[in-house]
Amino acid sequence: MALTMTDFLAVERAVRTAAPHALLDTVRAALIENYEAVEVSLLLADYSLTVLQPVTALPPTAQPLSMQASPEGRAFGSQEPFGQYAVDDGAVDLHLPVTVRGDRLGILTVRLPKQRCTPETLEELTELAELLGHEIVVAERDTDLYLQARRASRLTLAAEMQWQLLPARACTRPEYAIGAQLEPAYDIHGDNFDWSTNGETLVLSITNGMGEGIQASLLTNLAVNALRNARRANIGIVDQAALADQAIYGQYHGEEYVSTLLLSFELATGRVQVVDAGSPQLWLQRDKSVGHVGFEAQLPLGMFEESTYDAQEFQALPGDRLIFVSDGVYAAVSRAGETYGEKALARAIQAVSLLPAAAVPRALLQELASYRDAEADDDALVVCLDWSGRTTADPS
């Protein structure tokens with residue numbers, strides 16, 4: 001055991017000191033030296049969460065792997081290490097989730113001699129895969145390599161702006177788990193989500209800037225950054241909405257506006273303050289029932305000069321699942337011209353009730369894609385929040 005811990009520390013040091021663009025080469029060399037690894041590869045989930053893209057030298061030459069029909073995809077979906085015998089020499093391929101605080105980035109695959117595949121080694125490599133994920137997130141400040149590797153095709157400029165604005169696609173804490181996804185992933189316009197947490201609150205916003213293309217993305221960028229600016233000044237969500245409203249009106253004079261659903265969760269109690277300023281909807285799955293939660297509709301941000309906003313209250317209970325959707329979901333139209341509607345959405349939410357929060361948005365959007373007109377170009381956003389609440393043993 002002492003020897004394997006020495007191996008672990010040697011790889012950990014190598015990863016933490018690696019150049020941003022050389023993380024994979026560094027971890028590969030360190031695993032070969034310290035764990036007798038035969039092969040090491042890294043795959044990252046693409047923007048649409050349909051394939052795992054190999055990280056290679058640019059331009060990429062390796063083929064992507066299916067999320068649904070590969071051992072690597074199985075490990076990604078289950079978020080559990082998965083081992084399989086390799087074709088030659090009785091070696092074992094270990095597929096290890098690369099995940100950061102619930103945000104599923106990809107899979108690290110390590111091929112080891114069979115005799116090295118001990119429970120201790122598996123535990124250490126699983127931890128090293130998580131460490132690699134943290135280092136990738138930091139490295140993205142200084143290199144485009146990992147952002148480029150995620151692309152199954154080229155992003156539009158508007159989509160580039162939107163994805164760079166997002167916090168992550170998932171987040172897990174003792175009190176809650178969040179998962180989120182946007183479609184069309186490579187051509188998103190104005191839909192967006194944002195969240196921030198501290199020891200006392202979680203603030204979540206769902207925004208939908210009107211229009212298409214770069215214009216919609218610019219509008220949403222202004223709205224999200226105005227909300228963040230107010231939030232970071234320790235201002236409550238009512239005043240966050242008012243200040244963002246002023247910023248948008250000052251720029252567009254009411255010609256364009258942003259539909260927003262803004263929520264502040266009190267982690268200790270589950271008490272939620274809500275400002276409903278537009279079209280995004282909240283759906284609640286509590287026990288076995290699913291239904292739309294309606295709030296008093298207020299003006300979208302930026303529609304009129306100096307709009308005022310009021311907060312309403314909602315109580316989240318342990319075990320609740322909250323689903324937030326944009327109008328691109330509940331108002332989607334089928335090839336026959338029929339609206340997706342509340343009944344279809346409720347059935348879809350029930351159908352994915354056993355999935356973890358991080359997997360729910362993609363599953364709901366896949367169901368929507370099978371329903372709506374293939375030519376539809378409206379954005380579709382889904383955010384899933386599973387509320388656990390805080391017990392007396394949880395840190396404040």
Modelled label-to-label distance, His21 and Thr339, 7 Å Cα→beta-carbon offset: nm?
5.2 nm
Step through the residues of region 173-185 one at a time and calculate ³J(HN,Hα) from phi using the Karplus curve (6.51 cos²θ - 1.76 cosθ + 1.60, θ = phi - 60°), rounding each to whole Hz and writing x for Gly and Pro.
9, x, 7, 7, 9, 10, x, 8, 7, 10, 9, x, 4
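Which net charge results when you count Lys and Arg as +1 and Asp and Glu as -1 among the other residues whose beta-carbon is under 12 Å from that of Thr26?
After counting each charged neighbour, the total is -1.
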Out of region 244-279, which GluC sites (Glu not before Pro) are coil in DSSP terms and have no more than 14 other C-beta atoms within 10 Å?
Glu255
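State the dimensionless ratio Rg/Rh of region 115-250 (Rg: radius of gyration of Cα atoms; Rh: Kirkwood radius).
Result for region 115-250 is an Rg/Rh of 1.06.
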Work out which trypsin sites (Lys or Arg not before Pro) in the chain are exposed loop sites (DSSP not H, G, I, E or B, at most 10 other Cβ within 10 Å) and give the longest gap free of them.
1-140
From Cα pairs below 8 angstrom and at least 6 apart in sequence, can you work out the relative contact order of region 286-345, rounded to a whole percent?
27 percent
Computed from every Cα-Cα pair in the chain, P(r) in 20 Å bins starting at 0 and rounded to whole percents is 26, 54, 19, 1
Rounded to the nearest 500, what is the chain's calculated 222 nm mean residue ellipticity when only DSSP H runs of at least 4 contribute -39500 (n - 2.57) each, over all residues?
-10500 deg cm²/dmol
Label model pair Arg154, Ala233: point-to-point distance (7 angstrom along the Cα→beta-carbon line) in nm is 4.0 nm
Report the Cα centroid-to-centroid distance between region 140-171 and region 326-343 in angstrom, as an integer.
28 Å
Determine the principal axes of the Cα atoms in region 253-385, then give the extent along each, sorted from largest to smallest and rounded to whole angstroms.
42, 41, 22
Kindly report the accessible area of the chain per residue (heavy atoms of protein chains, probe 1.4 Å, no ligands, DNA or RNA), in Å².
45 Å²
Is region 72-181 rounded, prolate or oblate when judged by the Cα gyration tensor, a ≥ b ≥ c being the square roots of its eigenvalues, rounded requiring a/c under 1.5 and prolate requiring a/b larger than b/c?
prolate
Principal axes of region 54-125: Cα extent on each, largest first, Å
35, 30, 23
Expressed in angstrom, Rg and Dmax over the Cα atoms of region 10-129 are 13.7, 38
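The values are calculated or read from the model by the stated rules, or taken from the named source; none is laboratory data. Fair warning: this is a prediction, and the values are worked out from it, not measured in the lab. Every residue, glycine among them, receives a Cβ derived from its backbone with ideal geometry; neighbour counts consider all protein chains shown. Just so you know, the surface numbers come from the protein's heavy atoms only, side chains and all, with ligands and any DNA or RNA stripped out. Shrake-Rupley method; radii C 1.70, N 1.55, O 1.52, S 1.80 Å.
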